[in-house]
Amino acid sequence: MRENLHRFFRAARGAGVRVSPAESIDAMRAVSKIGFDDRQILRDTMLVTLAKTQDEKRALGDCFDLFFSQPEPPPPSAPDNDNSDESGEDSQSGGQANGGGGGNESSGGAHASENQPGSAAAGGQPSESLGPLAQMLLRQDRNEIQAAIASAASAASLPDIRYFTQRGIFSGRILEQMGISRLRDDLDNLTATNPSLGERLQAATDALRDAVRETVAQALLLYGREEAENLRNEILRNAPLSRIEPRQVDEMRALIRKIARRLRERYSKPRKRQRRGHLDVRRTLRRNAAWGSIPFLTAWKRKHRDRPKIVALCDVSGSVARVSDFFLLLIHSLHEVVDDVRSFAFSGHLIEVSDILEKKTPEAAMAEIMSKVGFGSSDYGSSLADFEDEWMGAITPQTTVIVLGDARSNNLDPRADILRRIAERSKRVVWLNPEGRMAWGFGDSEMPRYATFCSVVRQCATAKQLERAVSDIVATYQ
Amino acid sequence: MPEHRPAASIEAVESGLAAQGYIASRQIATAVYLAQQIEKPILVEGPAGVGKTELAKAIAHWRGQKLIRLQCYEGLDEAKALYEWKYAKQLLYTQILKDKLGEVLGGAATLHAALEQLHDFGDVFFSKEFVEPRPLLQALEQPAGCVLLIDEIDKSDAEFESLLLEILSDFQVTIPELGTVSAVSPPTVILTSNSERDLGDALKRRCLHLHIGFPEQRLEERIVESRVPGISQTLRRQMVAFIHEIRTLDLKKLPSVSETIDWARVLVLLQAAELDTEIIKDTLNVLLKYETDIEAALPQVSTFVAKAARQNVFG
């Protein structure tokens, strides 16, 4: 059972629950007090000791149900072994490779003995010449076969499975453990000598393959989930936002939300950092005038740190429609990290969207913004003019201005002079462009003209780049 | 008062808490049982008013132990949570003992000798007598054990969590001047949190984690039954069903168990025999704490009442 618990911990880690050694020790101790008798209590125990958030509890609950939906090896019943017959014992030797599965095999034997009369009649005559696996298959005792698969699986270290590409290897290993090569020989012999029995064995073999494949698939689901997810996320992080497929959009949203959460965790906590600067000579002298200016008390200058102020301008026109979704999602998360954020969206003209982003869920906010200004043809010139007319006052020398857009202005006047004035008023201007550097300046792209007034211009085409860019912006205020 | 003995089973915990008027779900009972068996603190999370604090009180009553409560808030530090030196007393004593000191030191010929003699007294003024124990230290000093309730830990600063780590994992605290104080008998520690901020992993790792959500209908009926005995069965069923309907709405603050109990009391006071739209409209402010929530719920009231009544017939 200990083995089983360890396997369950690994499965739990696979499901995304962080199980530390200390927690697994707790769970072990708890289980030793609780026992295994009541599945429901065992489940509660695991939830209480291992999972430390609501999400983890849900994941662990699912994982528990999946894990224990597998045929559970019944507790070893040693005395029953005596009356199980020779062939029953033989059949298990194929999977006898490790000690951990000991319980399974003996119980398999016990089951075999119960079903003995029927199965002996079925495969009684030719069994002497056949290998153990063939005999077992012909007896068609499902419990016995399941147990044999389970023990062969643990001998083939099935819990190590990580990627779906490994399915073939592990199926092969398990079948090898069970003695498939001997079975093949038997099958060849039988088709020559006893075709009807051979056919039956063939069918049973196919069923066995299916069962093994099923076992491997389930193990992959249990143990491989985290790796697979990491791999997929890694690919997704580096995929260009503008070219992801529709079916990936939801996953991408989840990923961006994860990134946003990470940013929030990292930057939302005010960190106490040493703020003491150089010695303030003048104040020190003044303070110690009473002692004839012998500096008993020292006064220090303080490093000045700006409170973060961000103004975000987000292009939501047709040319960047696919990316702007994610931009807006990230701005939404910015609203949670930084107190003072004002955000604006534009295509042909510009509106303020701070309220919408602050009050609504990301999905609702995005839908509303898109319906208000989205999908138009972009006009950077007039949008910038809108901004200058109404909200120029929002920019102070502490403000970072972020512009998210491709700078494609449909050959209209780009009004780079307004961006210059914005740059002069603000701390800095960061331009994040979903297009690659190669495309800047070609066609109707006005990027080079704008770039002269920006402190930083970055390509921002993938989730990873997006995270880097925003993290850098927030970090300058820390 | 029963002496403190570990409960034998989960059922014993359940019935023990029920005797105190706390109807625990199976999960809660399991967590309490485990906390006792493997001596671990419980971290209880969940929405406000589902009985997190009540749980600690019920455990203390049931075991006949003292409940020591530490209410967390922003700016709580070790002087208020752990221990403090009694400065005034130290000062007063030095003044009183001034003459005595002179006497003791009188025999010393040189300054050096006087200093030597002073050293012999050790740290008289930094001994146990001058320590003012605060809740955490008090909890460790209880000879019969106690229930230590650290309430709303999410309201405290992140630094305070680190202060708790030692007491949570080893049931001891270290006072620099005195050394390490270990628990006479390990207290049952219960931490509650409203998830206002995420707690650190180090803290979570040391605790059993219990999430109390809104109870199921049956359980809530039992809770009302034990807390408000005067209420009739029909009314109880109807009102709990009604509250479960209310919780499906998108409200700022969903009514939790404490509101259910308050409302049940109000209904009993008003001598309502049955739930009807009028009485609900009059008393909805007991259930919902925001004007916007009440406005959102009002148009739904009659449908919910109908639903609740139907459930009563068939359930």
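Take region A:11-52 and flag every residue that is within 18 Å of B:ILE28 (Cβ to Cβ) and among the hydroxyl-bearing types (Ser, Thr, Tyr).
A:THR45, A:THR49
So how many residues does region B:108-132 have that are touching a residue at least 40 places away in the same chain (Cβ under 8 Å) and either loosely packed, with under 10 Cβ neighbours inside 10 Å or out of contact with any helix residue (DSSP H, G or I) (no Cβ under 9 Å at 6 or more places or on another chain) (or both)?
Number satisfying all stated conditions: 3.
Kindly indicate whether any position in region B:14-24 is more than 27 Å from B:ASP170 (Cα to Cα), within 14 Å of chain A (Cβ to nearest Cβ) and surrounded by 14 or more Cβ atoms within 10 Å (Cβ to Cβ).
yes
Among the residues of region B:168-184, is there at least one that is within 14 Å of chain A (Cβ to nearest Cβ) and modelled with pLDDT of 90 or more?
Looking for residues that are within 14 Å of chain A (Cβ to nearest Cβ) and modelled with pLDDT of 90 or more, one finds none in region B:168-184, hence no.
Looking at B:ALA241, is it more than 28 Å from the chain's Cα centre (by Cα), more than 30 Å from A:LYS359 (Cα to Cα) and at pLDDT 85 or above?
Against the criterion (more than 28 Å from the chain's Cα centre (by Cα), more than 30 Å from A:LYS359 (Cα to Cα) and at pLDDT 85 or above), B:ALA241 qualifies.
Any idea which of (1) modelled with pLDDT of 70 or more; (2) loosely packed, with under 11 Cβ neighbours inside 10 Å; (3) closer than 30 Å to A:THR396 by Cβ is the one A:ALA289 doesn't satisfy?
A:ALA289 satisfies all of (1) modelled with pLDDT of 70 or more; (2) loosely packed, with under 11 Cβ neighbours inside 10 Å; (3) closer than 30 Å to A:THR396 by Cβ except (3).
Scan region A:49-59 residue by residue and report those that are buried (at least 23 other Cβ atoms within 10 Å of the Cβ) and either more than 7 Å from chain B (Cβ to nearest Cβ) or more than 23 Å from the chain's Cα centre (by Cα) (or both).
A:LEU50
Here's a check for you: in region A:34-48, which residue that is assigned to a loop (DSSP other than H, G, I, E, B), at negative phi and within 14 Å of another protein chain (Cβ to nearest Cβ) is modelled with the highest pLDDT?
For region A:34-48, the residue satisfying everything is A:ASP38.
Between a first residue in region A:320-341 that is free of Cβ contacts under 8 Å to residues at least 24 places away in the same chain and a second residue that is of a type outside the set (Gly, Ala, Ser), which pairs have beta carbons less than 9 Å apart while being 6 or more apart in sequence or on different chains?
A:HIS335/A:VAL341; A:HIS335/A:LEU357; A:HIS335/A:GLU358
So which residues in region B:133-151 are in a loop (DSSP other than H, G, I, E, B) and either small (Gly, Ala, Ser) or free of Cβ contacts under 8 Å to residues at least 40 places away in the same chain (or both)?
B:ALA144, B:GLY145
Please find, among B:GLU3, B:GLU39, B:GLU11, the residue that is more than 14 Å from every other protein chain (Cβ to nearest Cβ) and modelled with pLDDT under 90.
The conditions single out B:GLU3.
Could you run through region B:151-210 and say how many residues are crowded, with 19+ Cβ neighbours inside 10 Å and of a type in the set (Ser, Thr, Tyr)?
4
Kindly provide the set of residues from region A:138-153 that are within 41 Å of the chain's Cα centre (by Cα) and surrounded by 21 or more Cβ atoms within 10 Å (Cβ to Cβ), ordered by number.
A:ASP141, A:GLU144, A:ILE145, A:ALA147, A:ALA148, A:ILE149, A:ALA150, A:SER151, A:ALA152, A:ALA153
Determine whether region A:10-19 contains at least one residue that is loosely packed, with under 14 Cβ neighbours inside 10 Å and either within 9 Å of chain B (Cβ to nearest Cβ) or in a helix (DSSP H, G or I) (or both).
no
I'd like the full set of residues that are part of a helix (DSSP H, G or I), at pLDDT 85 or above and buried (at least 20 other Cβ atoms within 10 Å of the Cβ), limited to region A:440-471.
The answer is A:MET447, A:TYR450.
Which is without any contact (Cβ under 8 Å) to a residue 60 or more places away in the chain and more than 14 Å from chain B (Cβ to nearest Cβ), of A:SER69, A:SER24?
Being without any contact (Cβ under 8 Å) to a residue 60 or more places away in the chain and more than 14 Å from chain B (Cβ to nearest Cβ) holds for just one of A:SER69, A:SER24, which is A:SER69.
Of all residues in region B:189-222, which are free of Cβ contacts under 8 Å to residues at least 24 places away in the same chain and closer than 15 Å to B:ASP154 by Cβ?
Result: B:ASP198, B:ASP201.
Could you check region B:185-216 and list, in sequence order, the residues that are of a type in the set (D, E, K, R), away from every other protein chain (no Cβ under 14 Å) and not in a loop (DSSP other than H, G, I, E, B)?
None; the set is empty.
Would you confirm whether any residue within region B:293-312 is charged (D, E, K, R), within 30 Å of B:PHE160 (Cβ to Cβ) and part of a helix (DSSP H, G or I)?
Scanning region B:293-312, I find no residue that is charged (D, E, K, R), within 30 Å of B:PHE160 (Cβ to Cβ) and part of a helix (DSSP H, G or I), so the answer is no.
Which of the numbered conditions does A:ARG29 fail, given that it passes all the others? Conditions: (1) in contact (Cβ under 8 Å) with a residue 12 or more places away in the chain; (2) at the interface with chain B (Cβ under 7 Å from one of its Cβ atoms); (3) of a type in the set (D, E, K, R); (4) within 18 Å of B:ILE10 (Cα to Cα).
Against the list (1) in contact (Cβ under 8 Å) with a residue 12 or more places away in the chain; (2) at the interface with chain B (Cβ under 7 Å from one of its Cβ atoms); (3) of a type in the set (D, E, K, R); (4) within 18 Å of B:ILE10 (Cα to Cα), A:ARG29 comes up short only on (1).
Condition check ((1) farther than 23 Å from B:THR292 by Cα; (2) among the basic types (Lys, Arg)) across all residues:
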site: B:LEU210; (1), (2): yes, no
site: B:ARG227; (1), (2): yes, yes
site: B:GLY230; (1), (2): yes, no
site: B:ALA241; (1), (2): no, no
site: B:ILE246; (1), (2): no, no
site: B:LYS253; (1), (2): no, yes
site: B:VAL257; (1), (2): no, no
site: B:TRP263; (1), (2): no, no
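The values are calculated or read from the model by the stated rules, or taken from the named source; none is laboratory data. This structure is a prediction, so every number in the text was calculated from the model and none was measured. In this analysis, Cβ positions are derived from the backbone assuming ideal geometry, glycine residues included, and neighbour counts consider all displayed protein chains.
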